[in-house]
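No value in this document is a laboratory result; all are computed from the given coordinates. Note that this is a predicted model, so its numbers are computed, not measured. Here the Cβ positions follow ideal geometry from the backbone for every residue, glycine too, while neighbour counts run over all protein chains shown.
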Amino acid sequence: MQFKDVLVSESVKEQLLNQVHEHRISHAQFFLAQPGSQAFATAIALGQYLCCEHPTDTDSCGECPSCKQFAKLSHPDLHLYFPNCTTKSVDKEPDSIKLAQRFKDFVFKQKYNISINDWLVALGGENKQASINIRDCSHIINQNSMRSYQGGYKIYVLWCVDRLYHAAAPKLLKTLEEPEKQSLFILISEKPELILSTILSRTQLVKFPRLTDDEVTNALQKEFPDLSDEEARNIAILSEGNYPQAVKIHQDDTDQREMLTQFDQLMHCVVALSRQNIADCRYEETQEIIDQIVKQGREYQKQFISLTIRMLRNILMTNTRHLDMVKATAYETGILSEYRGIIQLKQASLMTEECNKAQLHIARNGNTTLILTDLIFKLAACLR
C-alpha cells in the first residue's frame, strides 16, 4: 500500500512524511480515525515507506522486495493485531496470530475500507465480545524483545485499540514507553474515550479529518466511472465523509434497505401506541421484526439504533424550512415523509436519549429482545 493509493487528507500524509524527513518519528502513534476513514491503510503505507529500499520524497517505490511483501501484508517485520474471538476454526484461546490470514483476506476483499462491524460479520463474532486479548499483548512484548528480521523498523499496527481487553492493557505500558530501537507502534481507533488514559499518554496523536465532499466525489468517480458529477456529489453529501458508506449507497445496499424497512415498521407501532390505538400497532408483526433484528447479532442491533437516531433527526428537520439539511436517499425520503410533523424538538430529544440508553445496554450484553421491546414502549411514551 502506497500513500498515493490511500484515500486520506493530504494534511495527514504531509504530517507523517515530515516526521520521517525530519527524523523525529514517534515510536508510538495514535491514529484518531473517523468512521470510514482509511487509517489502517495509512498505517500500512507509513510502514511500507519506512521499510522501503528505494523511497522517494513522497512515497515508497512499490517495486522493491520489501514493498511487495507489504502489498501482501506478509512482511516479516509487520505485525497486525485486531479484535478477535473464538470461531469455528479456532475454538479456544484465539489471538491475532491464529486469525492473521483470515484478517488479511478480509482487508483485501474490502479494499482496505474496513470497519469493526464488517470484520465481526466476516469473523462470525457478531454476538461475541471480540477483543485484543492478553495473549496478543504477550506476543507483542515477546516480539519486541527480538531484533527485526530485515534490520529495519518493526511495525506494530493495533487496529480498533479501543477493544484492548482491560486486564491486558497494563501489560503494554512499559513496552509503549520504552520499546526496542526502531520500533513503531500505531494504535488506531474511532473511540478514544474507551482507551486507558495511561495508554494514550504514551502516544503521539495523529487526527484524521473527515473526507470532504469533493474527495469522496472524486474517489467515487474513479471507482465508478459511469457516475455523473451530480450523482457522485449527491452520494458524497449523504455519506458525510464516510467513503465505504458512499459505496454502499451507490450499490443500494440490501442490508441498509432492510434496516430502513424495519425502522418504518417499528415506528408505525410507536406512533400507534402513542395514540393509544392498540388495534393499529400490529404488535405480533412488531415482535417478528424485533426477532429478525435480534437474529442479526449485536453489531447489527447497534447499527439499527444508530440508524434510528439519524432518522429521528431527519424527521425533525423535515418540519423546518431548511430541507437542504436533510441528508437522505430517495428511499429514506419516502419513509421520512410519512412521519413529517409528528415529532417535535422536545420529543426527538427524549427519544434520542432512550435510543442511546438502549444502545449502551446492548453493548453491555443485555437481553436484546427485552431491550428493543422496552424501547418501543419508551419511544411511544416520549411521543405521547
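Dipole check for the range 3-209: with +1 at the C-beta of Lys and Arg, -1 at the C-beta of Asp and Glu, and the Cα centre as origin, the magnitude is about 500 Debye. Sites listed here are trypsin sites (Lys or Arg not before Pro) in the range 174-223 whose DSSP assignment is loop and whose Cβ has at most 16 other Cβ atoms within 10 Å: Lys181, Arg210. Comparing Tyr283, Tyr165, Tyr81 in a Gaussian network model of the chain where C-alpha atoms under 10 Å apart are linked, the largest mean-square fluctuation is found at Tyr283.
Computed over neighbours whose Cβ is under 10 Å from that of Phe30, the net charge equals +2, Lys and Arg +1, Asp and Glu -1.
Here the sum of -39500 (n - 2.57) over DSSP H runs of 4 or more residues, divided by the residues of the chain, equals -16000 deg cm²/dmol at 222 nm, to the nearest 500. Can you give me the angle between helix 368-383 and the longest principal axis of the chain, using Cα atoms only, in degrees from 0 to 90, rounded to the nearest 10? Its long axis makes an angle of about 50 degrees. Rounded to the nearest 20, the size of the Cβ-charge dipole of the chain about its Cα centre is 1160 debye, with Lys and Arg at +1 and Asp and Glu at -1. Need one word for the range 3-209: rounded, prolate or oblate. Basis is the Cα gyration tensor (sqrt eigenvalues a ≥ b ≥ c); a/c below 1.5 gives rounded, then a/b vs b/c decides. Rounded is the answer for the range 3-209, as its axis ratio a/c remains below 1.5. Starting from the Cα gyration tensor of the range 185-316, take the square roots of the eigenvalues, sort them a ≥ b ≥ c, and report rounded, prolate or oblate (rounded when a/c is under 1.5, otherwise prolate if a/b is larger than b/c, else oblate). Oblate, since a/c reaches 1.5 and b/c is not below a/b.
Only beta bridges with both residues in the chain are counted; by DSSP, about 5 percent of them are antiparallel. Enter the Cα centre distance for the pair the range 34-56 and the range 198-244, rounded to the nearest angstrom. The distance from the Cα centre of the range 34-56 to that of the range 198-244 comes to 17 Å.
A protection proxy built from the mean count of other Cβ atoms within 10 Å ranks the segments 213-219, 290-296, most packed first, as 213-219, 290-296. For the residue pairs Lys68/Lys109; Lys92/Lys174; Lys207/Lys346; Lys72/Lys222; Lys191/Lys248; Lys154/Lys222, alpha carbon separations beyond 25 Å are given by Lys92/Lys174; Lys207/Lys346; Lys154/Lys222. Shown for His21, His361: other C-beta atoms within 10 Å of each C-beta, ranked fewest to most, produce the order His21, His361.
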